[in-house]
Amino acid sequence: MTIRNYKKKYFICKDDFGNNLYAGDIVEISIPMELSSTWESEISWSILYGAWVESHPVHKKMSNNPNEQRALYGLIDQPEWRYYEVDEYKTVKGYVKKIKSFNKKD
C-alpha cells in the first residue's frame, strides 16, 4: 500500500489549524486550564479505542501510571475559557497542532 492510499484510508480528523491528522503523526497539545506548558505526542489509533495521545508527563506522575493516555477527540476544538485575574477577564483556548507527519524522516 502506498502512503497516498494509506492516507486516504486512515484519515482521523483535522487539527485546530486545519491540517489532516493520521495515526503516527506527532502533535503539540495545549490545555491552558490544566497545564501551563505544552507537550508533544504521537497519535495512536485502534479500531476499538479510536485515536489517543500520551498524557502530559505531569499527569503521568500524578497518577503513577507511566502509560496514561488521553482520547484525541477530547482535545480537538477545545472551548474558550474565561477567567478573572486582577481587575480584568482573560480568555484562553487550547489546541492540537500537527508538528510532523508520520511518513517523513528526521
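Within segment 82-106, take every residue that is within 21 Å of Ser41 (Cα to Cα) and among the polar types (S, T, N, Q) and give me the one that is modelled with the highest pLDDT.
Going through the qualifying residues, I end up with Ser101.
Just one of Glu88, Glu80 is among the acidic types (Asp, Glu), without any contact (Cβ under 8 Å) to a residue 40 or more places away in the chain, out of contact with any Ser or Thr (no Cβ under 7 Å at 6 or more places or on another chain) and over 30 Å from Asn5 (Cα atoms); which is it?
On the way: Glu80 fails: out of contact with any Ser or Thr (no Cβ under 7 Å at 6 or more places or on another chain).
Going through Glu88, Glu80 in turn, the sole match is Glu88.
Report, by residue number, each residue of segment 31-47 that is aliphatic (A, V, I, L, M) and either under 29 Å from Arg82 (Cα atoms) or modelled with pLDDT of 90 or more (or both). Outline the logic, then answer.
Kept after step one, since they are aliphatic (A, V, I, L, M), are these residues of segment 31-47: 31, 33, 35, 43, 47.
Residues satisfying the conditions are Ile31, Met33, Leu35, Ile43.
Can you find a residue that is within 15 Å of Lys97 (Cβ to Cβ) and either in contact with an Asp or Glu (Cβ under 7 Å, 6 or more places away or on another chain) or not aliphatic (A, V, I, L, M) (or both) anywhere in segment 3-14?
Within segment 3-14 (the criterion being within 15 Å of Lys97 (Cβ to Cβ) and either in contact with an Asp or Glu (Cβ under 7 Å, 6 or more places away or on another chain) or not aliphatic (A, V, I, L, M) (or both)), the answer is yes, since at least one residue qualifies.
Which of the strands (runs of 3 or more DSSP E) found entirely inside the chain contain at least 3 residues meeting this: basic (Lys, Arg) and surrounded by 12 or more Cβ atoms within 10 Å (Cβ to Cβ)?
95-100
Among the candidates Pro66, Pro79, single out the residue that is out of contact with any Leu (no Cβ under 9 Å at 6 or more places or on another chain) and modelled with pLDDT under 90. Can you show your working first?
On the way: Pro79 fails: modelled with pLDDT under 90.
Selected residue: Pro66, the only one of Pro66, Pro79 that is out of contact with any Leu (no Cβ under 9 Å at 6 or more places or on another chain) and modelled with pLDDT under 90.
The values are calculated or read from the model by the stated rules, or taken from the named source; none is laboratory data. Computed from a predicted structure; not experimentally measured. Neighbour counts run over all protein chains shown; Cβ positions are idealised from the backbone, glycine included.
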